[in-house]
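This report refers to the structure that appears directly beneath it.
Please treat every number below as a calculation from the coordinates, not as lab data. Since the model is a prediction, treat every value here as computed from it, not as a measurement. With ideal geometry, Cβ positions are generated from the backbone for all residues, glycine too; neighbour counts draw on all protein chains shown.
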Amino acid sequence: MPTEEILANAKRKIFAEIKFEMNKRGYTTTSLAELLNINRPTVSSAIHGGTTPRDVEIRKRIYQILGMEERNS
């Protein structure tokens, strides 16, 4: 499988897992952004599998808020 396809699949999985937990717990991207004191597009980038160090750090915080075990992002 080409590297870009692997990356795209991993991003889809990250997004699906986070969105499932957000829906289950009643969070929106906006409510997470407010809770984290950052803007909504930044949260969205992290949720959609962004690969910057900031995206990874934000995802770790989101995992904690949502009660998800930490992933190897």
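For (1) more than 10 Å from the chain's Cα centre (by Cα); (2) under 21 Å from G67 (Cβ atoms); (3) of a type in the set (S, T, N, Q), each residue gets a yes or a no:
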position: M1; (1), (2), (3): yes, no, no
position: A10; (1), (2), (3): yes, no, no
position: N23; (1), (2), (3): yes, yes, yes
position: S45; (1), (2), (3): no, no, yes
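Scanning segment 19-70 for residues that are closer than 27 Å to E4 by Cβ and of a type in the set (D, E) returns E21, D55, E57, E70.
Residue-level analysis places A10 outside the set of residues that are part of a helix (DSSP H, G or I), of a type in the set (G, A, S) and loosely packed, with under 12 Cβ neighbours inside 10 Å. The residues on offer are I58, I65, I38, I6, and the sole one that is touching a Ser or Thr at 6+ places or on another chain (Cβ under 8 Å) and β-branched (V, I, T) is I58.
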